[in-house]
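S.K.: Got a structure for you, questions after.
Any read-out appearing in this document is the output of simple, stated calculations on the displayed coordinates, not a laboratory observation. What you see is a predicted model, and the numbers here were worked out from it, not measured in a lab. Backbone-built Cβ (ideal geometry, glycine too); neighbour counts: all protein chains shown.
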Amino acid sequence: MYGGGPIHSAGYHNGFKPLSCRSYRGGEFDIVVVKEPAASADCLASFPENTAWFESEDGAQEWCDPILLVAFLPGGLYREAMFDRIEQERRRWYIAFSDTSLQSVLVGAESGLGLSMLPMRAVTGRRLRIFRHFGMTCPMAVSIYTWDKGGLAYELAEQMATALKNR
């Protein structure tokens, strides 16, 4: 029986940033961690995530026009940034493979299906190399937000921020 004290619950939602942020801003989440191009002013903490363009170590090909891409599904991270970069080069692109899973995107790029923009930390130990023509990109922000400014959710968010900082 509920005795009138605070009710706490924890949940995990792995989804696209717009949905996660909309749910957080709508009050469904007390804490949210998102990857985004830049942090909003109301974040508790934000940390850079270095990203770069990668190609398979096994391929020694010149990327023709259109450039083949391995990407996350529509709305997924890095996807729009990839299109913007290629279009700045006045090149055309074609999605050769897409998935929601980081693991699947990594395997697609390793297999030589196309170029991909990925976090530097994710490619450690993979058969991928930086695609020199596009190279490093502007870092993404890994940001943590919380409504709570002094309670248990805030304490948890601070611990999460410390873990993100030390990763």
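S.K.: Could you pull out every residue, at least 5 positions away or on a different chain, whose amide H is within less than 5 Å of the one on Thr51? Hs are placed 1.01 Å off N in the peptide plane, and Pro or chain starts have none.
M.R.: Amide H neighbours of Thr51: Met120, Thr137, Met140.
S.K.: Sticking with this one: Could you state the principal axis extents of the C-alpha atoms in the chain, from the largest down, to the nearest angstrom?
M.R.: For the chain, the Cα extents along the three principal axes come out at 66, 31, 28 Å.
S.K.: Please work out the ratio of the alpha-carbon Rg of the stretch 51-130 to 2.2 N^0.38 Å and round it to two decimals. Kindly include the intermediate steps, with their values, before the conclusion.
M.R.: On the way: Rg = 11.4 Å, N = 80, 2.2 N^0.38 = 11.6 Å.
My calculation over the Cα atoms of the stretch 51-130 gives 0.98.
S.K.: Quick query: amide H of Leu73 versus all other amide H atoms, modeled in the peptide plane; which residues come in under 5 Å with a sequence gap of 5 or more or a different chain?
M.R.: For Leu73, the qualifying residues are Asp99, Thr100.
S.K.: A further question on this structure: Can you bin every Cα-Cα distance in the stretch 22-85 into 5 Å intervals starting at zero and give me the percent of pairs per bin, rounded to whole numbers?
M.R.: Final binned percentages: 3, 11, 18, 19, 17, 12, 8, 6, 5, 2.
S.K.: OK, next. Based on DSSP H runs of at least 4 residues, each adding -39500 (n - 2.57), what is the mean residue ellipticity at 222 nm of the chain after dividing by all its residues, to the nearest 500 deg cm²/dmol? Numbers along the way, then the final one.
M.R.: Numbers: 4 runs with 43 residues, N = 167.
Result for the chain, helices only: -7500 deg cm²/dmol.
S.K.: While we're here: Using the crude model of +1 on Lys and Arg Cβ and -1 on Asp and Glu Cβ, and no other charge, please compute the dipole size for the stretch 18-82 relative to its Cα centre, in debye to 20. All intermediate terms of the calculation are to be shown ahead of the outcome.
M.R.: Details: 4 positive and 11 negative charges, 81 e Å.
Roughly 400 debye for the stretch 18-82.
S.K.: Tell me which residues come under 5 Å, amide H to amide H, from Tyr78 once H is placed; ignore anything under 5 positions away on its chain.
M.R.: Correct list: empty.
S.K.: Could you derive backbone 3J(HN,Hα) for the stretch 80-95 from the dihedral phi with the Karplus parameters 6.51, -1.76 and 1.60 (θ = phi - 60°), listing whole Hz in sequence and x where the residue is Gly or Pro?
M.R.: Computed from phi, the couplings for the stretch 80-95 are 5, 5, 5, 4, 4, 5, 5, 5, 4, 7, 6, 10, 9, 9, 8, 7 Hz.
S.K.: Next question, about the same structure. Output wanted: per-residue J couplings in Hz (rounded whole) for the stretch 137-142, from phi through Karplus 6.51 cos²θ - 1.76 cosθ + 1.60, θ = phi - 60°, x for Gly and Pro.
M.R.: 10, 5, x, 8, 9, 9
S.K.: GNM on the chain, C-alpha springs below 10 Å: top fluctuator among Leu156, Leu68, Leu113?
M.R.: Highest fluctuation among the options: Leu156.
S.K.: Let me ask another. What are the ³J(HN,Hα) couplings of the stretch 50-56, residue after residue, when phi is run through the Karplus curve with 6.51, -1.76, 1.60 and θ = phi - 60°? Round to Hz, x for glycine and proline.
M.R.: Working through the residues one at a time gives 5, 10, 7, 8, 10, 9, 5 Hz.
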